[in-house]
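Peer 1: Handing you this structure, nothing more for now.
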Amino acid sequence: MFYLTTAIDYTNGSPHIGHAYEKVLADVIIRYRRLRGDEAFFLTGVDQHGQKVQQTAEKEGVHPATFVKRTTKKFLNLWDKLGVKYDGWAETIDDRHKTCVQGILTALKDQGQLYKHAHSGHYSVRQEQFLQDRDRDEAGNFGPEWGEVVQIEEENWYFKLSEHTDWLKSYLDATPDAVLPAFRKSELLNALERNSGTDLCISRPKERLRWGIEIPFDTDFVTYVWFDALINYVSFAGYRAAPDAELPDFEKLWTADERPVHIIGKDILVPAHGIYWLCMLHAMGFPDELIPRLLVHGWWNMRGEKMSKSLGNIVDPAELADKFGVEALRYYLVRDIVTGKDSDFDVERLIMLYNTELANELGNLCNRALNMSQRFTEGIITRGGIFTDADLALQTSLAESTDAYRAAMDEFDVSKGLEALGRHVGHCNQYAERMKPWELNKDPEMKARLATVLQHLAESVAHCAVLLSPILPDAAAKLAAQLNLPSLTEISLSDLHWGLIPEGHTIGKPKPVFPKILVEEKV
Ligand code: MSP
């Protein structure tokens, strides 16, 4: 079983393009895995506790529970709109999650992994954590990223993180795919050099924060929001769940054959996932072969700057989808960023990529292939019988593109996969230009040759529809329907051999699937 999760989004605000990218990327990967024939499970959700939520709810004069219900809806609506299809939905206010977090806390305490301690120091209200000297900038100050920093002394519960950091180093050294892409692992190892030796404060006194999961053995405290949130990956996978909890079977989901993959942004690798979470799992008794892989993606920026509410440069994905269509947005989000790297969000590029790669290249291929078959052979696809080297070259191009697509998608590199597909689409358009089926149609002697050329084009469109289906499921389904192919959910990658369209098969009428975006419509 392939178990894929994303970060769970904070519910103190609205979803933005960064959230949308991560969820679309996960959706594409999971659909690809299903196409490959793998059993797969996709969990995503929302992070509903913590100081930020409490503060925003207070500002709006509502109870945090009412507030998070409202904001959670915005995320649910967006995933529905963007065709992000998850199998499990994580909400950290869910009682089943709460029971799991409390069970883990009690077990860790019983094992001597937690202790209570009074600490006095600098505390970042925005990041909800105590700061260390290493968090100061070169001038010795706590930089603006920490927001308001106050001096406080308080008693709290601590997790013996420092007991696990030697293990973490050796695990990372021994496990090539622990963190993907590889350069992110180096970042983590460097951070670890600076971080070992400190333990993790995992509680907050209720006088300061009420909106959290109560520490079961010390009810004046709630659980630190990160400790709570990270556990969603196991709690909603059925870890320690009651038999009637209606959650998956953990043993089936979380396996060593195919270690789970957590998709996260680069900002939450260090320390949250790369250090806290992996050490938490180790303390919980997870062996190395059950430690999840971290797939770390880069950020969407705006003209090189971080998107933020204060800069007023947040892009609303729902608005973009309404304006340009879901397919254009999904395509842009996974096409114009290399998994792992950052990219600049640019509506002009969204329009340009859609219009050139989809409307002009792929759309043109689909329309001309289906149109000419309708007009010249009444939609009937036959092998014809007269073959040339050009046909062989087209078949080779398709085989090579499919292999390159698979290799890229296996490595979670969707942009590279789409590039490979685009190479074949380009090849087909050139083939059509050179073979000129419209000329062949004028010569009754060339009927057999014409049939062969049209078959090569239709066959290519069929393969493209299948390969495109994880990225653009709606467009691919429309193409498959126009080709009169069986539902795409019934086709797997292993069915992709030459001859997907059977001899004598009748295809349907073409209808443009990628209408051009008119430039006047830009935002
Ligand atoms: N709630 C925590 C995650 C807890 S996971 C146990 C959180 N939430 S978040 O809403 O701030 O971010 C959710 C995800 O969106 C993170 O993976 C983050 O990296 C990603 N992104 C937030 N802004 C982004 C961009 N501008 N670009 C790409 N992804 C970004 O962190």
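Peer 1: With respect to the cross-link table entries LYS85/LYS266; LYS23/LYS266; LYS341/LYS416, which display a Cα-Cα separation exceeding 18 Å? All intermediate terms of the calculation are to be shown ahead of the outcome.
Peer 2: Details: LYS85/LYS266 24 Å; LYS23/LYS266 15 Å; LYS341/LYS416 13 Å.
Where the Cα-Cα span goes over 18 Å, the pairs concerned are LYS85/LYS266.
Peer 1: Longest span of the chain, sites excluded, free of chymotrypsin sites (Phe, Trp or Tyr not before Pro) in DSSP loop with at most 15 other C-beta atoms within 10 Å? Walk me through the numbers before you get to the answer.
Peer 2: On the way: sites that count: PHE217, PHE387, TRP498.
Counting at most 15 other Cβ atoms within 10 Å as exposed, the longest clean stretch of the chain is 1-216.
Peer 1: Same structure, new question: Along the positive direction of the dipole of the chain (beta-carbon charges: Lys, Arg +1; Asp, Glu -1; about the Cα centre), which of ASN429, VAL326, GLY212 reaches farthest?
Peer 2: ASN429
Peer 1: Then there's this: Before I look further, what does the chain give for accessible area per residue, probe 1.4 Å, in whole square angstrom? Intermediate values should be presented prior to the final figure.
Peer 2: Numbers: 22190 Å² over 523 residues.
On a per-residue basis, the chain sits at 42 Å².
Peer 1: Find, among the trypsin sites (Lys or Arg not before Pro) in segment 400-487, those assigned to loop by DSSP (not H, G, I, E, B) with at most 16 other beta-carbon atoms within 10 angstrom. Please report the intermediate quantities before stating the final value.
Peer 2: Values: sites: ARG406, LYS416, ARG423, ARG434, LYS442, LYS447, ARG449, LYS478; in loops: LYS442.
Qualifying residues, ordered by number: LYS442.
Peer 1: Looking at the P(r) of segment 1-107, how many percent of alpha-carbon pairs lie beyond 21 Å?
Peer 2: On the way: 2404 of 5671 pairs.
Every Cα pair in segment 1-107 considered, those over 21 Å come to 42 percent.
Peer 1: In whole percent, and with a 1.4 Å probe on the protein chains, what portion of the accessible area of segment 356-506 is carbon and sulfur?
Peer 2: Values: 3220 of 6320 Å².
Its accessible area is 51 percent carbon and sulfur atoms.
Peer 1: Which of GLN151, ALA26, ILE501 sits closest to the plus end of the dipole of the chain, meaning its Cα is farthest towards the positive end, when Lys and Arg get +1 and Asp and Glu get -1 on the C-beta?
Peer 2: Ranked along the dipole, the leading option is ILE501.
Peer 1: Report, please, the projected area of segment 58-129 averaged over directions, based on the convex hull of its C-alpha atoms, in nm².
Peer 2: Numbers: hull surface 32.5 nm².
Computed as one quarter of the Cα hull surface, the answer is 8.1 nm².
Peer 1: Considering the Cα trace of the chain, what is its radius of gyration and what is Dmax, both in angstroms?
Peer 2: 26.5, 92
Peer 1: Please sort 362-370, 100-108 by packing, taking for each peptide the average over its residues of neighbouring beta carbons within 10 angstrom, highest first.
Peer 2: Details: 362-370: 22.8, 100-108: 20.3.
Top of the packing list down: 362-370, 100-108.
Peer 1: Follow-up question, since we're still on this one. Past 28 Å, Cα to Cα: identify those pairs from LYS69/LYS109; LYS252/LYS306; LYS74/LYS306, in the order given. Intermediate values should be presented prior to the final figure.
Peer 2: Details: LYS69/LYS109 32 Å; LYS252/LYS306 39 Å; LYS74/LYS306 22 Å.
Long pairs (Cα-Cα over 28 Å): LYS69/LYS109; LYS252/LYS306.
Peer 1: Sticking with this one: Semi-axes of segment 356-506's equivalent ellipsoid from the Cα gyration tensor, sqrt of 5 times each eigenvalue, largest first, rounded to whole Å? Intermediate results must be reported in sequence, preceding the final value.
Peer 2: Working: eigenvalues 127, 51, 38 Å².
Semi-axes (√(5λ), whole Å): 25, 16, 14.
Peer 1: Are there any helices in the chain, counted as whole DSSP H runs, that stretch 24 Å or more along their axis by Cα and score at least -1.0 on average by Kyte-Doolittle, and if so which? Present the calculation step by step, with values, prior to reporting the outcome.
Peer 2: Values: long enough: 17-35 (26 Å, 0.13); 64-81 (26 Å, -0.69); 389-410 (31 Å, -0.26); 414-435 (31 Å, -0.57); 447-468 (31 Å, 0.90).
Helices meeting the criterion: 17-35, 64-81, 389-410, 414-435, 447-468.
Peer 1: Quick check for me: using +1 on Lys/Arg Cβ and -1 on Asp/Glu Cβ, what's the dipole size of segment 356-506 about its Cα centre, in debye to the nearest 20? Each step should come with its number before you reach the end.
Peer 2: Details: 12 positive and 20 negative charges, 104 e Å.
It works out to roughly 500 debye.
Peer 1: R0 = 30 Å: FRET efficiency of LYS309 with ARG208, Cβ-based, nearest 0.05? Mind showing how you got there, number by number?
Peer 2: On the way: r = 24 Å, r/R0 = 0.79.
Using R0 = 30 Å, I get an efficiency of 0.80.
Peer 1: Let me spell out the model: positive unit charges on the Cβ of Lys and Arg, negative unit charges on the Cβ of Asp and Glu, origin at the Cα centre of segment 141-233. What dipole size does that give, in debye rounded to 20?
Peer 2: On the way: 9 positive and 17 negative charges, 58 e Å.
The calculation lands at about 280 debye.
Peer 1: Just for the chain, what percent of DSSP beta bridges are antiparallel, to the closest 5? Write out the running numbers ahead of the final one.
Peer 2: Details: 23 of 45 bridges.
Counting only bridges with both partners in the chain, antiparallel ones make up about 50 percent.
Peer 1: Additional query: Distance from the Cα centre of segment 55-118 to that of segment 199-229, in angstrom?
Peer 2: 13 Å
Peer 1: Take the alpha carbon atoms of segment 381-412, find their center, do the same for segment 451-523, and report the distance between the two centers in whole angstrom.
Peer 2: 15 Å
Peer 1: Lysines near LYS509 by alpha-carbon distance under 24 Å, same-chain residues fewer than 8 away left out - which ones?
Peer 2: Straight-distance partners of LYS509: LYS436, LYS442, LYS447, LYS478.
Peer 1: Separation of segment 277-301 and segment 319-364 by C-alpha centroid, Å?
Peer 2: The two parts, judged by their Cα centres, are 31 Å apart.
Peer 1: Per DSSP H run of at least 4 residues, take -39500 (n - 2.57); add these up for the chain, divide by its residues and hand me the 222 nm value, nearest 500 deg cm²/dmol. All intermediate terms of the calculation are to be shown ahead of the outcome.
Peer 2: Working: 19 runs with 226 residues, N = 523.
So the helix-based figure for the chain works out to -13500 deg cm²/dmol.
The values are calculated or read from the model by the stated rules, or taken from the named source; none is laboratory data. Everything numeric here is computed off the predicted structure, so don't read it as measured data. Ideal geometry is used to build each Cβ from the backbone, glycine not excepted, and the neighbour counts take in all protein chains shown. Calculation scope for accessible area: heavy atoms of the full protein, side chains included, ligands and nucleic acids excluded. Shrake-Rupley method; radii C 1.70, N 1.55, O 1.52, S 1.80 Å.
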